[in-house]
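**Student:** Here it is: the structure, laid out below.
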Amino acid sequence: MYGEGYDFCPLYTPSSGDMVGGLPVGIESRGNVDAPYWPVQSMWTYKEIWVHPVTRWVWLLKEVAGPAIVEGRADTTMSFVSTVGGQMYTVQAGSFRVQLPEGNYRVEGRDFCFLPGCHYVVDLRAAQTLTIQARSQPGPGGKVTIRAELRGAGTHRIVLRTDNLVLTGNTKDITLQSGVPATIEWHGRIRARDEPWVALVVPDGDLSQKVEVRVP
């Protein structure tokens, strides 16, 4: 793409002339050397401008450089605080929508990790506050116990999604009282004992709050 500097090799656009923002469809190399090289000829494929390279480049920039979109509901005014630089991003009570740079944030004792270009829905209302810590414990004969400790308030449905684990039941409903921790357990068996397994603890169908448990 055209940027800083000068004497760029012209791309092959006989009908439109040189275009700012154009990307060639490929890169030529000199012989068998793994380094870019553009001969003076300007009509070959490696200098042609196609739609796909530019479009995919824009999509890639959105994924790696765009902000995260975070929306949800809150009882009062709250602030997302970056755990690295300390920057604060305040949202108002009620429904909110905010753009946040990628990174780790803390709000009202809860930790979040937001990736660029992703969309998140979070519920910051006190009645829906929930934190989860999960761990696994192996047993004889390929048996596995997954234990989750929950803190918060309100009624929640907790679902355990697994790969390579057979469970007796994956859904549990629980009502929490503020300041009182509660523990729930799942008992399962490894289906293929020579392969790894993984489990996701998902509260209220919200994958943004999932907790992953892997082979210890």
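The values are calculated or read from the model by the stated rules, or taken from the named source; none is laboratory data. Everything numeric in this text was worked out from a predicted model, so none of it was measured. Note that we place each Cβ from the backbone using ideal geometry, even for glycine, and neighbour counts take in every protein chain shown.
**Student:** Would you confirm, using the coordinates I've provided, whether Thr83 is exposed (fewer than 15 other Cβ atoms within 10 Å of the Cβ), hydroxyl-bearing (Ser, Thr, Tyr) and at pLDDT 95 or above?
**Tutor:** Considered against the rule, which asks whether it is exposed (fewer than 15 other Cβ atoms within 10 Å of the Cβ), hydroxyl-bearing (Ser, Thr, Tyr) and at pLDDT 95 or above, Thr83 comes out as no.
**Student:** Let me ask something additional. Of all residues in region 122-167, how many are crowded, with 18+ Cβ neighbours inside 10 Å, among the β-branched types (Val, Ile, Thr), assigned to a strand (DSSP E or B) and free of Cβ contacts under 8 Å to residues at least 60 places away in the same chain?
**Tutor:** Summing the residues that are crowded, with 18+ Cβ neighbours inside 10 Å, among the β-branched types (Val, Ile, Thr), assigned to a strand (DSSP E or B) and free of Cβ contacts under 8 Å to residues at least 60 places away in the same chain in region 122-167 gives 3.
**Student:** Here is a list: Gly117, Gly72. Which entry is outside any helix (DSSP H, G or I) and in contact with a helix residue (DSSP H, G or I) (Cβ under 6 Å, 6 or more places away or on another chain)?
**Tutor:** Result: Gly117 is the single residue among Gly117, Gly72 that is outside any helix (DSSP H, G or I) and in contact with a helix residue (DSSP H, G or I) (Cβ under 6 Å, 6 or more places away or on another chain).
**Student:** Let me ask something additional. Does region 87-105 include one or more residues that are surrounded by 13 or more Cβ atoms within 10 Å (Cβ to Cβ), in contact with a Pro (Cβ under 8 Å, 6 or more places away or on another chain) and in a strand (DSSP E or B)?
**Tutor:** Yes; the residues of region 87-105 include at least one that is surrounded by 13 or more Cβ atoms within 10 Å (Cβ to Cβ), in contact with a Pro (Cβ under 8 Å, 6 or more places away or on another chain) and in a strand (DSSP E or B).
**Student:** Quick one: in region 168-196, of everything that is aliphatic (A, V, I, L, M) and surrounded by fewer than 11 Cβ atoms within 10 Å (Cβ to Cβ), which residue is farthest from Thr131 (Cα to Cα)? So that I can check it myself, show each step before the final result.
**Tutor:** Narrowing region 168-196 to residues aliphatic (A, V, I, L, M): 174, 176, 180, 182, 184, 190, 192.
Restricting the remaining residues to those that are surrounded by fewer than 11 Cβ atoms within 10 Å (Cβ to Cβ) gives 180, 192.
Details: Val180: 12, Ala192: 31 Å.
Checked region 168-196; the qualifying residue farthest from Thr131 (Cα to Cα) is Ala192.
**Student:** Next question. Please specify each residue of region 175-216 satisfying the condition of being within 24 Å of Arg151 (Cβ to Cβ), part of a loop (DSSP other than H, G, I, E, B) and among the basic types (Lys, Arg).
**Tutor:** Lys210
**Student:** When you look at Pro203, is it touching a helix residue (DSSP H, G or I) at 6+ places or on another chain (Cβ under 7 Å), in contact (Cβ under 8 Å) with a residue 40 or more places away in the chain and not assigned by TED's automatic domain parsing to the domain that holds Arg110, yes or no?
**Tutor:** Numbers: touching a helix residue (DSSP H, G or I) at 6+ places or on another chain (Cβ under 7 Å): yes; in contact (Cβ under 8 Å) with a residue 40 or more places away in the chain: yes; not assigned by TED's automatic domain parsing to the domain that holds Arg110: yes.
Yes.
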